[in-house]
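Structure record follows, encoded as structure tokens.
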Amino acid sequence: AVISGPGAGRQWSLTQPLVLGRNDLNPDDVLVSRRHAQVELRENGCWLQDLSVNGTWVGAPAGQHKRVVDSVCLHPGDLVIIGESVLQYQV
């Protein structure tokens, strides 16, 4: 779910791998790539893979956010920062 930014309130369900990009979050945000990140359910949880050169950051709401180097397992409540948009992984 997008919790901050122009797309606030938008949500997606994961039934298959989901690629998020500029058109999904904010068409005017040049820090968001057309194909920025992929989110998918795997046997051991929900994983986010950074597909961009601009970077994707993940972290707990009260914690430090770290840049995703390849892919990372998301935990309920984790924040995902893509450009000026902030998303939250909700179960």
Open item on the list: Just to confirm a number: summing +1 for Lys and Arg and -1 for Asp and Glu over residues other than residue 22 whose beta-carbon lies under 10 angstrom from that of residue 22, what do you get?
Closed with: -1
- [ ] Give, to the nearest whole percent, the P(r) tail of region 1-75 beyond 17 angstrom, counting all Cα pairs.
- [x] 47
Open item on the list: Given points 7 Å out from each Cα along the Cα-Cβ axis, report the residue 11 to residue 88 separation in nanometres with one decimal.
Closed with: 1.1
Open item on the list: Using the basic label-point model (7 angstrom from Cα toward the beta carbon), what is the residue 49 to residue 30 distance in nanometres?
Closed with: 2.9
Open item on the list: Test of understanding: in a Gaussian network model of the chain with alpha carbons linked when under 10 Å, which of 72, 80, 32 would top the mean-square fluctuation ranking?
Closed with: 72
- [ ] Whenever you get a sec, compute what percent of the accessible area on region 1-81 sits on carbon and sulfur atoms (1.4 Å probe).
- [x] 49
Open item on the list: Given Cβ point charges of +1 (Lys, Arg) and -1 (Asp, Glu) and nothing else, what value in debye, to the nearest 20, does the dipole of the chain about its Cα centre take?
Closed with: 40
Open item on the list: With Kirkwood's inverse mean 1/r over C-alpha pairs for Rh, give me the Rg to Rh ratio of region 1-43, two decimals please.
Closed with: 0.99
Task: Computed [θ] at 222 nm, deg cm²/dmol, the chain (DSSP H ≥ 4; -39,500 (n - 2.57); rounded to nearest 500) - done: -500 deg cm²/dmol
Open item on the list: Which residue fluctuates most in the GNM of the chain (Cα springs below 10 Å): 50, 70, 24?
Closed with: 70
Task: In sequence order, calculated HN-Hα J values of region 55-60 (Karplus, 6.51, -1.76, 1.60; Hz; x Gly/Pro) - done: x, 9, 10, 9, x, 6
- [ ] Could you provide, to the nearest whole Å², the per residue accessible area of the chain with probe 1.4 Å?
- [x] 60
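The values are calculated or read from the model by the stated rules, or taken from the named source; none is laboratory data. Computed from a predicted structure; not experimentally measured. A quick note on method: Cβ atoms are made from the backbone with ideal geometry, for glycine too, and the neighbour counts reach across all protein chains shown. All accessible areas refer to the heavy atoms of the entire protein, side chains included, with ligands and DNA or RNA removed. Shrake-Rupley method; radii C 1.70, N 1.55, O 1.52, S 1.80 Å.
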